[in-house]
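Heads up: the structure comes next, in structure tokens.
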Ligand SMILES: Nc1ncnc2c1ncn2[C@@H]1O[C@H](COP(=O)(O)OP(=O)(O)OP(=O)(O)O)[C@@H](O)[C@H]1O
Ligand SMILES: [Mg+2]
């Protein structure tokens, strides 16, 4: 892998696109998110790392309103997740309002699969045509561009079962991008892949980052976090224990737990 | 290595990559592909057909005559109408039952479980007789406001003619079985597929139409075909209440001319043809929904 060092971006100059404030969530007695606060600025690549079970996926699912949370608030741009402004009060979302919100957030995850009964091209145009109401011809043209961008120009008519894992994840990225999202969320998009396939997916993500896409990336790829990430948050047991620029977190970790975690993941890729 | 003098190759001396291999289809598999086995099977079949065909009790002439007799064709039409109507109502009802059974609301779920328990427990023949005889127990049927007597009521025996009683019995029974078949199909759709649709911004209803339903259809179709064939044959039970279906007509004819076996063969031929139609339709549907299946 050969990542360019991201240019330094003056973090505080850009207002936060996503504001996570004191979010807590429990499954039964298991407190999965514990008073999490986080800012994500426009154009930022925000990596979230941490041990298994620390709540990274749950936090990401909250950002996309796939899961609700018990207390706290998340604001994306001008939308308070879960509520609509009506006068001075906030009313809980209807199902349609929740769906409308999710159009603006792209999600690529190991568990959010391509539609197995549709070809790659059909997968990519499904959102624009069915959700945004784009005409099929326009959607197909945009999808062709996107598929070329992720290196799948020759796979339009393949079914997901005929693709390699890396090709599937790149198609999933194209499908999410076709909705023209404000933010892209990645949840361990490469962790199910063979080492030689990881690079091609990370390459697409890196290109997206240099195009200025706002990205929240949950990853076990420490090298990606260090080289492509602008800021890195370290989670443990539902809390954010460390949060700073990628270079600070990796070269001058303040928390002993971070030091331990980074030592466990010292090889750039873990099994 | 002295192999040049002998033309008998010592295979054991060869390295494994150079040894000859036997074709994989071995044993019984290969024997069943031999031409001689086909010939033998063909002879046996021909002998059996010959034995039946030349049996003087067979009355091939009556079979040919009754196969297209107007009264048999009328019965055939009735059978098709009952089966088709019960299939359509049963499919719609089954979808409702399946969704109720998977509801997160315990009351709705319990209602569905109760329905399934009741209609799968009582034999279909008994259900047909109950609907047919409902008038003796509830002389009036209708809808109205409880305890007031205000509403629309009618004579049970008028509303539930024998034909309608049979339709109701078959459709309600069908809905129970279809419900479980549809639920099985819905459960076979992976959670990740549904989440992908929701994450793209689809509403639950749209995700159901665009992703869940087509994927569930793939696993619903084979048991659906089974079930429709069962339903088709179960329509013969309505002969107990004298609805003029294929079976009733066949029975009516052999009651007077005593050609029992020929008329049962006439009925069987029609059931066989209808079953072939359902099987062909099933094959077409299976191919239609097979997209993306890894082979
Ligand atoms: N649907 C659920 N029901 C109950 N508990 C859950 C559920 N989803 C997650 N959890 C629990 O929440 C905790 C955090 O899970 P989460 O998936 O967010 O961790 P993670 O940091 O993404 O871990 P990993 O790196 O292994 O993916 C875990 O203890 C998990 O068992
Ligand atoms: Mg996770």
request  = Mind pulling the angle between the C-alpha long axis of helix B:213-234 and the longest principal axis of chain B? Nearest 10 degrees, somewhere in 0 to 90.
outcome  = 70
Over chain B, relative contact order from alpha-carbon pairs under 8 Å, at least 6 apart, % = 23
request  = Enter the angle in degrees (range 0 to 90, nearest 10) between the Cα long axis of helix B:260-288 and the first principal axis of the Cα atoms of chain B, meaning the one along which they spread out most.
outcome  = 70
note = Output field shielding_mean for B:206-215 (other chain Cβ, 10 Å radius) holds 3
remark   = Applying the gyration tensor rule to the Cα atoms of the stretch B:200-280 (axes a ≥ b ≥ c; rounded if a/c under 1.5, else prolate if a/b exceeds b/c, else oblate), the class is prolate
note = For chain A, averaging the sequence separation of alpha carbon pairs under 8 Å that lie six or more residues apart and dividing by its residue count, the contact order in percent is 26
query = Hey, how many Å between the Cα centroid of the stretch A:213-269 and the Cα centroid of the stretch A:136-153?
reply = 34
remark   = Computed from the beta carbon distance with a Förster radius of 45 Å, FRET efficiency for residue B:12 and residue B:279 to the nearest 0.05 stands at 0.30
task = Could you check the simple spin-label distance between residue B:49 and residue A:73, using points 7 Å along Cα→Cβ, in nm with one decimal?
result = 8.2
Segment residue B:64-residue B:32, length gained on full extension (0.36 nm per residue, minus Cα span) = 7.9 nm
ask   = Rg(Cα) of chain A divided by 2.2 N^0.38 Å?
value = 1.00
key: Averaged over A:116-122, number of beta-carbon atoms from partner chains that fall within 10 Å   = 5
request  = Using Cα centres only, tell me the gap between the stretch B:160-218 and the stretch B:23-94 in whole Å.
outcome  = 32
request  = Specify the angular offset, from 0 to 90 degrees and rounded to the nearest 10, of the alpha carbon long axis of helix B:246-257 from the longest principal axis of the alpha carbons in chain B.
outcome  = 80
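Read the figures in this text as sums done on the coordinates, not as results from a lab. Here the structure is a predicted model, which is why all the values come from computation and not from measurement. For neighbour counting, all protein chains shown are included, and Cβ atoms are generated from backbone atoms with ideal geometry for every residue, glycine included.
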